[in-house]
Amino acid sequence: MRLPATGLSRDEVLARLADYRSGDLAARGGRTFAYVYDAGRPDVDELSHEVYSSFLDVNGLDPTVFPSLLRMENEVIGITAEHLGGDAQTVGSFTSGGTESIILAVKAARDWARTHRPDVTEPEVVLPVTAHAAFQKACHYLGLKSVLVDVDPETFRVTAGAVRDAITDSTVLLVAGAASYAHGVVDPVEELGQLALGRGIPLHVDGCIGGWLLPYFRDLGVDVPPFDLSVPGVTSLSVDLHKYAYAPKGASVVLYKDPAMRLKQFYACADWTGYTMINATVQSTKSGGPLAAAWATLHAVGEQGYRELAAQTLRATQRLIAGIGDVPGLRVLGEPEMALVAMAAVPDSSGSGVDVFEVCDEMASRGWYVQAQLGYRGIPASIHLTLTASSDQHVDALLEDLAECVQIARAAQTGLDPALLEAVRSLDPDELPDDVLGTLLPMAGLEPGAGLPERMAGINALLEAMSPRLRERLLVAFLGLLFTPAAAAEAQ
Ligand SMILES: Cc1ncc(COP(=O)(O)O)c(C=O)c1O
C-alpha cells in the first residue's frame, strides 16, 4: 500500500470512501439494534456534526490555552451531575467513551487505596458477571485482580450478599450496573452502597448506557430504583453521552462525589525535557470536536426534547416486550428497566429450543441488525436489542419478521457436529501456541481475507462451546489477521 503519488481530488476521495462504506451497517434509520443510537432528529445530527468539525482542530491537551473547551467541559459536567444526583461538590471529567471513563474510575480507586490503604498490595475489584467487560480491561491494564460474582439467574441482578461474600481485605472497589448491557437491569445500588459504606470501600455505578435515560424513564412511570450519586455509598458514576444523550461518538463523563478521589484519576509528569504534562484523562492531545458536539447536542435537545425522546424509546421497548410474549419460542430474560432487551429461546421438550443464533442470521437477511449474546455461566444465549427513539416506528414490522424468522430457524436448525464441539471443548487455551491457534481459525469459519461470513450461527455455536479463554485467544488471533494491511489488500 502506497500513498498516491499526487493527491486525489475531493470528489475522488469522497467517492472512494462512499464505496468503502457500502458494506457498513446503517447508523441511522432505526433498524440497527446495537452500536448506534439514533434519536431520529436529523436537525440535531446536522448541528452536532457542524459543531464537531468546527472544533476538530482545537486541542484539549491544555485547558488554559483553549478556554472554550474548559468552559464547555465544566458546563457538560455540571449538567450531567445535576441530572444524576450530584451536588455542588461533584466533579468529573469528559472522556472519549465508556471504557475510558471506567478505566479512569478504576485508576482513581486503585490510587485512592494506595494512599489510604497502603497495606493492600494486590488490589481487587468485585464485579457482577454482568458488569461491562471494560472493567476487566481496566483491571488488566492497571494491574488489579477482577473478582467475578454470579448474578441471580432469574433477575440477572447481583445480590448484596454475593458481593459481600466476594469482598476480601484487598478489595478496593465495588461495581454496580445501572443498567447492565446484556439484560438491561439495574443492580441493587442502595444495598451495595450500605455494604460499601460499612466496609469503607468505594462503589462505582456504571451508568454508561443507562445513566442518562433512566431518570427520564422513572419520570415516565418505570420503577427505576435509586442508583445515582445521591445514594449513600456511591463514590463515582460513569455515563456516556454518545449513547442515550445522542451526542456523536467520543463522549462520556465520569463523575466523583469527592474531588479528592478525582485527583487520583489525574496524571502529571514533570520529569522529562518537554512541557510538564498534566492529564485529566487517558488521552493527552485530544480533539475538541467530541466535547463541543456533546455540548451542542445537550443544548439543542434540552430537557423537554430528552423527555420526548425517552417517551418514544419507552413506548418502543414496552411494545416490543409485550409483542415478544406473542412470538412462540422466544421469551424476554428478566424484567429490564432500560431500553435493552435480551430474548432467549423457550426451552422445548428436548430442553433447548430454537437456535437464537440462526434467528439473528435470518433477521440480518431481512435488514435488521440484532446482536447475538453467547451463553455464559448458566445464563442462556440470547438476542440483544438496544432500542432508541427511532426504534418505535419499526416495532410492528420487527415483531412480524421475528415470528417468521423463528419458524425458519426452527426448520433450518442443523446443529454442529458433536465431534467438533467435543474437540473444541477439550482444547486447553493456555497450551496452544499462536501458530496452532491460527490454523483453528478456518476451522471455526473465520477467514480474515474473506471478511465475515454472512451467516454467523455456526461460528457463534462453536465459539459458545469454547471456554471464554479460548474464545478470547482465538478472536485476538483473528483480530491480528484482520488488521494486517498486506492481507487486507490481497482480499480486495
Ligand atoms: C454498561 C456499559 N458500560 C460500559 C460500556 C462501554 O462503553 P464504550 O463502548 O463507549 O467504551 C458500555 C457499552 O455499551 C455499556 O453498555
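Quick note: the coordinates plus some simple rules give every number you see, no bench work behind them. Computed from a prediction, not measured in an experiment: that's the story for all the values here. Ideal geometry is used to build each Cβ from the backbone, glycine not excepted, and the neighbour counts take in all protein chains shown.
Filter region 380-414 down to the residues that are within 19 Å of the chain's Cα centre (by Cα) and closer than 14 Å to Ala342 by Cα and list them by number.
Passing the criteria: Ala381, Ser382, Ile383, His384, Leu385, Thr386, Leu387.
Restricted to region 112-145, and to residues that are surrounded by 19 or more Cβ atoms within 10 Å (Cβ to Cβ) and more than 13 Å from the ligand (Cβ to nearest atom), which residue is nearest to the chain's Cα centre (by Cα)? Can you show your working first?
Of the residues in region 112-145, the ones surrounded by 19 or more Cβ atoms within 10 Å (Cβ to Cβ) are 112-113, 123-128, 130-132, 134-135, 138-139, 144.
Filter once more, keeping what is more than 13 Å from the ligand (Cβ to nearest atom): 112-113, 123-126, 139, 144.
Values: Trp112: 26, Ala113: 27, Pro123: 24, Glu124: 22, Val125: 19, Val126: 19, Cys139: 16, Leu144: 21 Å.
Step by step, filter region 112-145, then rank; the result is Cys139.
Which residue, of Gly288, Gly274, is away from the ligand (no atom under 16 Å from the Cβ) and touching a residue at least 40 places away in the same chain (Cβ under 8 Å)?
Details: Gly274 fails: touching a residue at least 40 places away in the same chain (Cβ under 8 Å).
Just one listed residue meets the conditions, Gly288.
Quickly run through region 195-224 and pick out the residues that are more than 21 Å from the chain's Cα centre (by Cα) and either of a type outside the set (A, V, I, L, M) or within 16 Å of the ligand (Cβ to nearest atom) (or both). Give the steps one after another, and end with the answer.
First, the residues of region 195-224 that are more than 21 Å from the chain's Cα centre (by Cα): 195-202, 218-223.
Hits for region 195-224 are Gly198, Arg199, Gly200, Pro202, Arg218, Asp219, Gly221, Asp223.
What number of residues within region 227-250 satisfy the criterion of being closer than 24 Å to Leu314 by Cβ and touching a Lys or Arg at 6+ places or on another chain (Cβ under 9 Å)?
Matching residues across region 227-250 total 4.
Across region 318-333, what is the total count of residues that are touching a residue at least 60 places away in the same chain (Cβ under 8 Å), touching a strand residue (DSSP E or B) at 6+ places or on another chain (Cβ under 7 Å) and not in a loop (DSSP other than H, G, I, E, B)? It would help to see each step written out before you state the result.
Filtering region 318-333 down to residues touching a residue at least 60 places away in the same chain (Cβ under 8 Å) leaves 319-320, 323-324, 326-330, 333.
From what's left, touching a strand residue (DSSP E or B) at 6+ places or on another chain (Cβ under 7 Å): 320, 324, 329-330, 333.
Within this subset, residues satisfying the condition of being not in a loop (DSSP other than H, G, I, E, B) are 320, 324, 330.
Qualifying residue count for the region: 3.
Please determine, by comparing only the residues of region 1-44 that are assigned to a helix (DSSP H, G or I) and in contact (Cβ under 8 Å) with a residue 60 or more places away in the chain, which one is surrounded by the fewest Cβ atoms within 10 Å (Cβ to Cβ). Can you show your working first?
Within region 1-44, the subset assigned to a helix (DSSP H, G or I) is 10-21, 42-44.
Remaining after also requiring in contact (Cβ under 8 Å) with a residue 60 or more places away in the chain: 43-44.
Values: Asp43: 10, Val44: 18.
Among residues in region 1-44 that are assigned to a helix (DSSP H, G or I) and in contact (Cβ under 8 Å) with a residue 60 or more places away in the chain, the one surrounded by the fewest Cβ atoms within 10 Å (Cβ to Cβ) is Asp43.
Residues being polar (S, T, N, Q) and buried (at least 16 other Cβ atoms within 10 Å of the Cβ): count how many of those fall in region 280-313. Write out each step before concluding.
Quick first cut of region 280-313, residues polar (S, T, N, Q) only: 281, 283-285, 287, 297, 304, 312-313.
Adding the requirement that they be buried (at least 16 other Cβ atoms within 10 Å of the Cβ) leaves 281, 287, 297, 312-313.
Within region 280-313, residues that are polar (S, T, N, Q) and buried (at least 16 other Cβ atoms within 10 Å of the Cβ) number 5.
Can you find even one residue in region 372-380 that is of a type outside the set (S, T, N, Q), free of Cβ contacts under 8 Å to residues at least 40 places away in the same chain, assigned to a loop (DSSP other than H, G, I, E, B) and surrounded by fewer than 15 Cβ atoms within 10 Å (Cβ to Cβ)?
Filtering region 372-380 for residues of a type outside the set (S, T, N, Q) gives 372, 374-380.
Those still in the list that are free of Cβ contacts under 8 Å to residues at least 40 places away in the same chain too: none.
No, region 372-380 has no match at all.
So how many residues does region 11-34 have that are farther than 25 Å from Ala389 by Cα and touching a helix residue (DSSP H, G or I) at 6+ places or on another chain (Cβ under 8 Å)? Break it down stepwise before answering.
Filtering region 11-34 for residues farther than 25 Å from Ala389 by Cα gives 11-20.
Narrowing the set further to residues that are touching a helix residue (DSSP H, G or I) at 6+ places or on another chain (Cβ under 8 Å) leaves none.
Number of matching residues: 0.
Among the residues that make up region 358-367, is at least one of them closer than 25 Å to Cys208 by Cβ and out of contact with any Lys or Arg (no Cβ under 8 Å at 6 or more places or on another chain)?
Kept after step one, since they are closer than 25 Å to Cys208 by Cβ, are these residues of region 358-367: 360.
Retained after the next criterion (residues that are out of contact with any Lys or Arg (no Cβ under 8 Å at 6 or more places or on another chain)): 360.
So far as region 358-367 goes, yes, one or more of its residues are closer than 25 Å to Cys208 by Cβ and out of contact with any Lys or Arg (no Cβ under 8 Å at 6 or more places or on another chain).
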